[in-house]
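Undergrad: One structure is given below, represented as structure tokens, and several questions about it will come after.
The values are calculated or read from the model by the stated rules, or taken from the named source; none is laboratory data. It should be emphasised that the depicted structure is a prediction, and the values quoted were computed from it without experimental measurement. All Cβ positions, glycine included, derive from the backbone under ideal geometry; neighbour counts span all protein chains shown. For the accessible areas, the whole protein counts, side chains as well, though only heavy atoms, and no ligand, DNA or RNA atoms are used. Shrake-Rupley method; radii C 1.70, N 1.55, O 1.52, S 1.80 Å.
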Amino acid sequence: HSFGDNLLYKEAELTLNKGEHIGIVGQNGTGKSTLIKICTDQVVPDAGRAYWQPDISVGYLDQYAEILKEVTIIDFLKSAFKELYEMEEETLRLYEKGAKGSQNALSVAARYQEELERKGFYSIDTNIQQVANGLGLTAVGLERSIHQLSGGQRAKVILAKLLLEKPDVLLLDEPTNFLDKEHIGWLSDYLSS
């Protein structure tokens, strides 16, 4: 891949296996961000392509992602668990139906309940609190609207949601630009564990 006369990659190959961690370092303009954009299909390479295993979830820290400005920090972080909240609503609906005599509804509700427990639904608030504390968002106030945040605070909120989503692959482009030493240490420990 190249930009004009600037050749970034030629016959390059990179493999990331399960459990591996890779850090890419280099001077500005050497193609670090471009590599991430190729991996996330934001840039189409001149030749070749990025291949992912089927059913792999990829999380990408996009500091410039669009967020509804009136959304609060806490609501944005809770949106990482949207599917689980929807499953809980369906479970409650099925229990109500079961209370009216539907054995099938009770059976499905019980399976959903087990799935919610297995996926940690009942510890969502604790997980959000842990990540928000670690990145210094609790000090900002979780009820604050996104539009009231500075660019660095907004980037922390996006990172927090990404961490809560727990994708199989996490792509972070210069994640420490908006973190102080304490938060960098917390992020390092969090990712290690």
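Undergrad: I'd like to know if segment 99-106 contains one or more residues that are open to solvent by less than 20 Å² (accessible area, probe 1.4 Å), over 19 Å from Glu165 (Cβ atoms) and in contact with a Leu (Cβ under 9 Å, 6 or more places away or on another chain).
TA: Narrowing segment 99-106 to residues open to solvent by less than 20 Å² (accessible area, probe 1.4 Å): 105.
Still in the list and also over 19 Å from Glu165 (Cβ atoms): 105.
Next, only the ones that are in contact with a Leu (Cβ under 9 Å, 6 or more places away or on another chain) stay: 105.
Looking for residues that are open to solvent by less than 20 Å² (accessible area, probe 1.4 Å), over 19 Å from Glu165 (Cβ atoms) and in contact with a Leu (Cβ under 9 Å, 6 or more places away or on another chain), one finds at least one in segment 99-106, hence yes.
Undergrad: Shifting gears a bit: Consider only pairs whose beta carbons are under 8 Å apart and that are at least six residues apart or on different chains; among these, list those whose first residue lies in segment 106-121 and is farther than 13 Å from Leu94 by Cβ and whose second residue is of a type in the set (S, T, N, Q).
TA: Gly120/Asn127
Undergrad: Let me ask something additional. Given Lys100, Lys166, which one is at negative phi, among the basic types (Lys, Arg) and modelled with pLDDT under 95? Walk me through how you get there before you give the answer.
TA: Details: Lys166 fails: at negative phi.
When all the criteria are applied, what remains is Lys100.
Undergrad: Condition first: assigned to a helix (DSSP H, G or I), within 26 Å of Thr40 (Cα to Cα) and open to solvent by 90 Å² or more (accessible area, probe 1.4 Å). Now tell me which residues in segment 60-88 satisfy that.
TA: Matches in segment 60-88: Lys82, Glu83.
Undergrad: What's the total number of residues in segment 34-55 that are aliphatic (A, V, I, L, M), in a loop (DSSP other than H, G, I, E, B) and either touching a residue at least 40 places away in the same chain (Cβ under 8 Å) or open to solvent by 80 Å² or more (accessible area, probe 1.4 Å) (or both)?
TA: Within segment 34-55, the first condition is being aliphatic (A, V, I, L, M), and the residues that meet it are 35-36, 38, 43-44, 47, 50.
The next check asks that each one be in a loop (DSSP other than H, G, I, E, B); those that pass are 43-44, 47, 50.
Now drop any that are not either touching a residue at least 40 places away in the same chain (Cβ under 8 Å) or open to solvent by 80 Å² or more (accessible area, probe 1.4 Å) (or both), which leaves 43-44, 47.
Total meeting the criteria: 3.
To keep it simple, each residue is scored yes or no on (1) under 24 Å from the mean Cα position of the chain (by Cα); (2) not in a helix (DSSP H, G or I).
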residue	(1), (2)
Gly101	no, yes
Leu106	no, no
Gln113	no, no
Gln129	yes, no
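Undergrad: Could you grab me the full set of residues in segment 56-81 that are touching a residue at least 60 places away in the same chain (Cβ under 8 Å) and hydroxyl-bearing (Ser, Thr, Tyr)?
TA: Let us first name the residues in segment 56-81 that are touching a residue at least 60 places away in the same chain (Cβ under 8 Å), namely 56-63, 65, 67-74, 76-77, 79-81.
Once the filter is applied, which keeps residues that are touching a residue at least 60 places away in the same chain (Cβ under 8 Å) and hydroxyl-bearing (Ser, Thr, Tyr), segment 56-81 yields Ser57, Tyr60, Thr72, Ser79.
Undergrad: While we're on this one: Here is a list: Gly4, Gly19, Gly31, Gly26. Which entry is under 20 Å from Val169 (Cα atoms), among the small types (Gly, Ala, Ser) and exposed (fewer than 10 other Cβ atoms within 10 Å of the Cβ)?
TA: Values: Gly4 fails: under 20 Å from Val169 (Cα atoms); Gly31 fails: exposed (fewer than 10 other Cβ atoms within 10 Å of the Cβ); Gly26 fails: under 20 Å from Val169 (Cα atoms).
Sole residue among the options that is under 20 Å from Val169 (Cα atoms), among the small types (Gly, Ala, Ser) and exposed (fewer than 10 other Cβ atoms within 10 Å of the Cβ): Gly19.
Undergrad: Just a yes or no: is a residue in segment 8-15 under 15 Å from Asp173 (Cβ atoms) and either out of contact with any His (no Cβ under 8 Å at 6 or more places or on another chain) or among the acidic types (Asp, Glu) (or both)?
TA: There is no residue in segment 8-15 that is under 15 Å from Asp173 (Cβ atoms) and either out of contact with any His (no Cβ under 8 Å at 6 or more places or on another chain) or among the acidic types (Asp, Glu) (or both).
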